[in-house]
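**Q** Encoded as structure tokens, here's the structure I'll be asking about.
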Amino acid sequence: MVRSLCTSGKHETLKCGVHGAVGALVAVCAAYNFTAWCIRRDRHLGINAVVYALAVIWETRHTVHHLNACVPLSEPADADTEIAA
């Protein structure tokens with residue numbers, strides 16, 4: 001099961017969902033830490049906000065990658081078919 005899950009091109013919907021959920025969670029963490037930093041100006045909160053913001057970018061890239069793998073590529077239009085204008 002693990003080998004199948006880790007294989008590229010398999011279970012892309014599940015992988016997309018996991019990365020999307022993690023992305024949402026780190027977005028909440030980033031928002032909290034940024035808000036707390038704005039109020040208290042503790043150094044660790046600013047660092048956390050930056051780290052979580054980078055994690056949001058990381059997870060977004062992975063989510064989009066798996067989402068693109070889920071969506072079948074459209075068939076190229078035949079040369080015989082005319083597009084009605």
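The values are calculated or read from the model by the stated rules, or taken from the named source; none is laboratory data. Predicted model, so just to flag it, every value in this text is computed and none were measured. As a convention, Cβ positions derive from the backbone with ideal geometry for all residues, glycine included, and neighbour counts pool all protein chains shown.
**Q** Need pairs with beta-carbon distance below 6 Å; first residue over 15 Å from Leu25 (Cα atoms) and within segment 38-56, second not basic (Lys, Arg); sequence gap 6+ or separate chains.
**A** As it stands, the answer is Leu45/Asn33; Leu45/Ala36; Leu45/Trp37; Gly46/Trp37, since those pairs meet every condition given.
**Q** Also, quick follow-up: Would you confirm, using the coordinates I've provided, whether Thr13 is hydroxyl-bearing (Ser, Thr, Tyr), modelled with pLDDT of 95 or more and either over 15 Å from Ile57 (Cβ atoms) or not in a helix (DSSP H, G or I) (or both)?
**A** Against the criterion (hydroxyl-bearing (Ser, Thr, Tyr), modelled with pLDDT of 95 or more and either over 15 Å from Ile57 (Cβ atoms) or not in a helix (DSSP H, G or I) (or both)), Thr13 does not qualify.
**Q** Hey, can you tell me all the residues within segment 26-55 that are hydroxyl-bearing (Ser, Thr, Tyr) and surrounded by fewer than 17 Cβ atoms within 10 Å (Cβ to Cβ)?
**A** Correct list: Tyr32, Thr35.
**Q** A further question follows. Go through segment 16-58 residue by residue and tally those that are among the aliphatic types (A, V, I, L, M) and at pLDDT below 95.
**A** Summing the residues that are among the aliphatic types (A, V, I, L, M) and at pLDDT below 95 in segment 16-58 gives 1.
**Q** Let me ask something else about it. Could you go through segment 5-25 and let me know if any residue there is closer than 30 Å to Val71 by Cβ, aliphatic (A, V, I, L, M) and surrounded by 17 or more Cβ atoms within 10 Å (Cβ to Cβ).
**A** For segment 5-25, residues closer than 30 Å to Val71 by Cβ, aliphatic (A, V, I, L, M) and surrounded by 17 or more Cβ atoms within 10 Å (Cβ to Cβ): absent.
**Q** Now for a different question. I need a count of the residues in segment 26-48 that are closer than 30 Å to Ala69 by Cβ and in contact with a Phe, Trp or Tyr (Cβ under 7 Å, 6 or more places away or on another chain).
**A** Residues that pass the stated criteria total 3.
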